[in-house]
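Engineer: Dumping the structure here so I can ask a few things about it.
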Amino acid sequence: MVLGTSSGAGKSLMTAALCRVLKRRGETPLPFKGQNMSLNAWVDQAGGEMAYSQALQAWAAGLEPEAAMNPVLLKPRGDSTSEVIHLGRSIGNARAEHYYRDWFKPGWAAIRSGLAELQGRYPGGRLVLEGAGSPVEVNLQPRDLTNLRLAQYLRARCLLVADIERGGVFAQLVGTLALLRPVERPLIRGLLINRFRGRRELFDEGRRWLEQHTGVPVLGVMPWLEELFPPEDSLDLLERRGRKQGAELTIAVLRLPSMSNFSDLDPLEAEPTVQLRWLKPGEELGCPDAVILPGSKQTRRDLAALQAEGLDEQLRAYGAAGGHVFGLCGGLQMLGERLLDPQGLEGNLVEEDADDPQDRQSRGLGLLPLETTYAGAKTLRQGCSQALWPAGSPVELEGFELHHGVSQLVSQDVSVSQVFSHGLRQGELNPLSSQAGLGWWQATGEQGGLVAGTYLHGVFENGPWRRRWLNQLRRRRNLPPLSENQPHHARQRDLLLDRLADAFEQHVDLGPLLA
């Protein structure tokens with residue numbers, strides 16, 4: 001089990017590295033995180049929802065991701081409540097103050113079911129567990145679902161990871177060990193220093209001090225890796241502020257208060273000629289080459305936050321002046337005329353909302369003639385299709401849907417065109433219905449600007465399509481086109497995982513963990 005002294009210590013990536021190393025050694029590593037709180041999700045082949053970090057670990061292990069690897073997923077709603085997902089299915093909303101009272105026993109049952117399902121499918125596999133946050137939050141220890149309770153239950157050998165980049169690494173480790181209960185302390189088999197800059201021998205004295213004062217061996221010192229890996233949570237986006245040398249395009253991404261599925265932007269982050277500028281409500285939009293509205297867990301609330309800061313007017317002016325605006329899932333819904341929420345699935349924004357279902361609606365940005373209604377079950381599925389836009393030969397796409405709401409065209413304006421052809425079960429051509437799912441609409445403005453959107457998560461992972469989209473931005477800047485002969489981003493992600501595992505094998509002694 002990989003534990004961390006805090007959130008963001010590097011548990012997710014160290015778990016992924018361990019999975020890849022074990023796979024290289026001929027084992028079947030089974031990534032597992034009992035409970036995760038994240039808005040960065042993935043949909044498995046069965047339509048189950050799980051955290052993206054466990055999907056990444058599954059790919060590192062050479063396995064197909066499945067919701068059993070993350071049996072409890074909490075998706076914060078921004079009002080002291082979270083959506084509760086057990087074994088891939090949404091089962092309700094929980095208030096923070098009542099969570100352990102109402103959801104502890106069902107959560108532990110879901111965790112045990114997930115374990116049984118995984119171990120039954122892979123009887124010769126080795127579980128590789130990831131903890132959550134800190135394992136010694138004393139106010140939460142009696143109801144711990146995913147750290148040392150699980151480690152004790154499975155008698156797991158634990159690796160404790162601390163991030164030296166953020167400072168205070170000695171206090172992190174010594175304090176964490178000091179707060180462990182006597183029955184828990186023997187579970188910790190080793191310490192790992194993560195994100196160390198400089199020569200490893202510069203930490204030799206610190207290593208000896210830690211081993212003398214804790215009695216626990218330091219199994220490794222992982223270096224700071226320059227490669228760009230997927231962020232573990234939205235806080236990690238704050239560290240992505242460096243200016244790329246050689247960047248030719250600037251794409252503004254609205255960092256919404258309840259932004260979800262920000263892993264959609266990883267392929268653009270990895271493009272050497274693209275600089276992403278993460279923009280918070282209240283900051284000036286400026287004149288980027290394109291603007292992306294990402295997904296949102298609370299679409300109406302995030303839309304209200306944009307409108308309160310006047311960013312809606314900036315976006316409309318940007319589009320009218322010839323700018324390119326692209327919406328992903330919730331971002332697509334914001335681009336429309338109206339968002340209707342008669343059942344309160346997106347939460348009540350004002351007191352009047354709660355009184356009358358007719359009041360549960362929001363005015364959209366008005367950049368696409370669409371109307372979205374939130375009703376019924378959440379749409380969860382993988383899919384593939386052909387993209388007929390941007391212009392050129394059709395491009396195969398794959399991705400997944402994860403959304404509430406059905407969007408429909410409310411105008412027959414000739415400037416709006418359907419540009420997405422489907423390859424789903426019945427080959428439907430109804431792009432924004434919940435039945436067809438994968439959808440695309442685009443509108444061309446008088447000044448040559450373009451507004452487009454899709455429900456397809458992972459669209460930028462499709463290399464040829466991503467490059468074609470970027471090339472239409474480059475033409476506007478008179479830049480030479482990039483090659484569209486690009487593999488799926490999964491190949492680049494796999495190479496990154498290999499480099500991560502190379503460093504892990506070089507710098508970490510796994511003996512005490514695998515004995």
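Engineer: Would you check if there is a residue in the range 451-464 being in contact with a strand residue (DSSP E or B) (Cβ under 9 Å, 6 or more places away or on another chain) and at positive phi?
Structural biologist: Yes: one or more hits.
Engineer: Please identify the pairs in which a residue from the range 86-103 that is touching a residue at least 12 places away in the same chain (Cβ under 8 Å) and closer than 24 Å to residue 139 by Cβ has its Cβ atom under 9 Å from the Cβ atom of a residue that is open to solvent by 60 Å² or more (accessible area, probe 1.4 Å) and assigned to a helix (DSSP H, G or I), counting only partners at least 6 apart or on another chain.
Structural biologist: Short answer, once both residue conditions are applied: 94/102; 95/102; 99/143; 100/142; 100/143.
Engineer: Tell me which residues, restricted to the range 485-502, are open to solvent by 70 Å² or more (accessible area, probe 1.4 Å), out of contact with any Leu (no Cβ under 8 Å at 6 or more places or on another chain) and either part of a helix (DSSP H, G or I) or not polar (S, T, N, Q) (or both).
Structural biologist: Of everything in the range 485-502, those that are open to solvent by 70 Å² or more (accessible area, probe 1.4 Å), out of contact with any Leu (no Cβ under 8 Å at 6 or more places or on another chain) and either part of a helix (DSSP H, G or I) or not polar (S, T, N, Q) (or both) turn out to be 491, 492, 495, 502.
Engineer: Let me ask you something else. Among the residues in the range 75-92, are any farther than 25 Å from residue 296 by Cβ and buried (at least 22 other Cβ atoms within 10 Å of the Cβ)?
Structural biologist: no
Engineer: Given the conditions (1) on the phi > 0 side of the Ramachandran plot; (2) within 15 Å of the chain's Cα centre (by Cα); (3) of a type outside the set (Val, Ile, Thr), which single one is not true for residue 47?
Structural biologist: Result: residue 47 passes all but (2).
Engineer: Here's another thing I want to ask about it. Quickly run through the range 176-197 and pick out the residues that are surrounded by fewer than 16 Cβ atoms within 10 Å (Cβ to Cβ) and under 30 Å from the mean Cα position of the chain (by Cα).
Structural biologist: Within the range 176-197, 197 is the sole residue that qualifies.
Engineer: Which of the strands (runs of 3 or more DSSP E) found entirely inside the range 1-111 contain at least 1 residues meeting this: more than 30 Å from residue 220 (Cα to Cα) and polar (S, T, N, Q)?
Structural biologist: 81-86, 89-95
Engineer: Could you please give the count of residues in the range 2-32 that are of a type outside the set (S, T, N, Q) and open to solvent by 20 Å² or more (accessible area, probe 1.4 Å)?
Structural biologist: Counting residues in the range 2-32 that are of a type outside the set (S, T, N, Q) and open to solvent by 20 Å² or more (accessible area, probe 1.4 Å) gives 6.
Engineer: Examine the range 234-250 for a residue that is at pLDDT below 95 and surrounded by 18 or more Cβ atoms within 10 Å (Cβ to Cβ), and state whether such a residue exists.
Structural biologist: The answer is yes; a qualifying residue exists.
Engineer: Limited to the range 248-265, what total is found for residues that are in contact with an Asp or Glu (Cβ under 6 Å, 6 or more places away or on another chain) and farther than 15 Å from residue 277 by Cα?
Structural biologist: 2
Engineer: Are any of the residues in the range 149-164 surrounded by 16 or more Cβ atoms within 10 Å (Cβ to Cβ), farther than 29 Å from residue 503 by Cα and within 28 Å of the chain's Cα centre (by Cα)?
Structural biologist: yes
Engineer: Hey, residue 122 hits all of (1) open to solvent by 10 Å² or more (accessible area, probe 1.4 Å); (2) more than 28 Å from the chain's Cα centre (by Cα); (3) of a type outside the set (S, T, N, Q); (4) at pLDDT 95 or above but one; which does it fall short on?
Structural biologist: The number of the failed condition is (2).
Engineer: Another one. Looking at 456, 438, 409 in this structure, which one is surrounded by 21 or more Cβ atoms within 10 Å (Cβ to Cβ), modelled with pLDDT of 50 or more and either farther than 24 Å from residue 312 by Cα or not β-branched (Val, Ile, Thr) (or both)?
Structural biologist: The unique qualifying residue is 456.
Engineer: Filter the range 284-304 down to the residues that are open to solvent by 30 Å² or more (accessible area, probe 1.4 Å), closer than 16 Å to residue 336 by Cα and among the small types (Gly, Ala, Ser) and list them by number.
Structural biologist: Across the range 284-304, the qualifying residue is only 304.
Engineer: Let me ask something else. So the check is Cβ under 8 Å with 6+ separation or different chains; which pairs have a first residue in the range 368-391 that's acidic (Asp, Glu) and a second one that's open to solvent by 20 Å² or more (accessible area, probe 1.4 Å) and in a loop (DSSP other than H, G, I, E, B)?
Structural biologist: Qualifying pairs under 8 Å: 371/337; 371/410.
Engineer: For residue 344, state whether it is modelled with pLDDT under 95, on the phi > 0 side of the Ramachandran plot and not hydroxyl-bearing (Ser, Thr, Tyr).
Structural biologist: So residue 344 fits the description; yes.
Engineer: Would you check which residues across the range 350-387 are under 25 Å from residue 326 (Cβ atoms) and at pLDDT below 80 and list them?
Structural biologist: 385, 386, 387
The values are calculated or read from the model by the stated rules, or taken from the named source; none is laboratory data. Only a predicted model underlies this, so the values are computations on that prediction, with no experimental measurement involved. Cβ sites come from the backbone with ideal geometry, for glycine too, and all protein chains shown count toward neighbours. Remember, those area values only see protein heavy atoms, side chains included, never the ligands or the DNA or RNA. Shrake-Rupley method; radii C 1.70, N 1.55, O 1.52, S 1.80 Å.
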